[in-house]
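The values are calculated or read from the model by the stated rules, or taken from the named source; none is laboratory data. What you see is a predicted model; the values in this text were computed from it and never measured. Every residue, glycine among them, receives a Cβ derived from its backbone with ideal geometry; neighbour counts consider all protein chains shown. Just the protein is used for accessible areas: all its heavy atoms, side chains included, with ligands, DNA and RNA removed. Shrake-Rupley method; radii C 1.70, N 1.55, O 1.52, S 1.80 Å.
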Amino acid sequence: MSAKVWLVGAGPGDPELLTLKAVRALNEADVVLIDDLVNTAVLEHCHNARVIPVGKRGGCRSTPQAFIHRLMLRYARQGKCVARLKGGDPCIFGRGGEEAQWLRERGVEVELVNGITAGLAGATQCDIPLTLRGVARGVTLVTAHTQDGSSLNWQALAQGGTTLVIYMGVAKLSEIREQLLAGGMAADMPVVMIENASLPHQRECRSDLTAMEKDAHDFELKSPAILVIGAVAACEVDQKIAAFGSSYRLQAVSV
Ligand code: SAH
């Protein structure tokens, strides 16, 4: 038996967005450690695997990261094939990198499997192209939540001319709004807040930079949600894109 840990992205929620490689990993796994944002419907691809919830909202409340590390190591050393299933992509705000490094340092074979990250899925579900010729020539994925209290370079984000996709931002709407306004972003920059992206109960709230906090409050926006901020967030109607796109692009260039 060859012990191995697969660090697998389960995608944003819709089980059809799972990759074929993730399906193979689940198929081969003896043990599956599952995070709380993973849709358990994907477990239909497991065969007799032992499933252990390790997320904050799973069976074990707030499972410490060190405990998850030891659990993966223990099963791998028993010769088991372990699938560590994470929401979205394992390496986008998912600790995939640090888990892979920790296991490899202890001689465990690790394979990372991409998943579709929530920010990309959410935008697509709302028909928003995160990059668009002549409107947004890049996309920046950021988290509003830091453990060490460090701060983002908000001015660079506000003036960078890329679409911003913000994770873990629901509790930080006031700070995001204030920092981006202070950083020079247009007050009426379009914003879309997408809750439970790709799931049947997905909800989206369309707003702009000035109104986003109030609109999210009235909408009762809840986590998990991502924020898409940029001219492309107005992309509902093709003509609107063209209008918003050119005006915001000019503003971005002139600052
Ligand atoms: N690795 C994950 C991100 C984990 S961080 C990924 O690649 O998607 C957790 C944050 O991801 C949440 O606070 C939320 O901002 C976002 N998120 C995860 N799933 C989501 C979903 N289905 N809809 C909207 N946001 C989601």
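Annotations for the structure displayed:
- Meets criteria (small (Gly, Ala, Ser) and surrounded by fewer than 18 Cβ atoms within 10 Å (Cβ to Cβ)) for residue 55: no
- Residue within the stretch 120-140 that is over 20 Å from residue 15 (Cβ atoms), without any contact (Cβ under 8 Å) to a residue 12 or more places away in the chain and open to solvent by 20 Å² or more (accessible area, probe 1.4 Å) present: yes
- Residue in the stretch 44-59 that is touching a residue at least 60 places away in the same chain (Cβ under 8 Å) and among the acidic types (Asp, Glu) present: no
- For residue 213: the one exception among (1) out of contact with any helix residue (DSSP H, G or I) (no Cβ under 6 Å at 6 or more places or on another chain); (2) touching a residue at least 12 places away in the same chain (Cβ under 8 Å); (3) open to solvent by 20 Å² or more (accessible area, probe 1.4 Å): (1)
- Only one of the numbered conditions (1) in contact (Cβ under 8 Å) with a residue 40 or more places away in the chain; (2) more than 30 Å from residue 46 (Cβ to Cβ) is violated by residue 183, and that is (1).
- If you go through the stretch 9-37 and keep only what is open to solvent by 40 Å² or more (accessible area, probe 1.4 Å), out of contact with any Cys (no Cβ under 6 Å at 6 or more places or on another chain) and part of a helix (DSSP H, G or I), you end up with 15, 16, 17, 20, 21, 24, 27.
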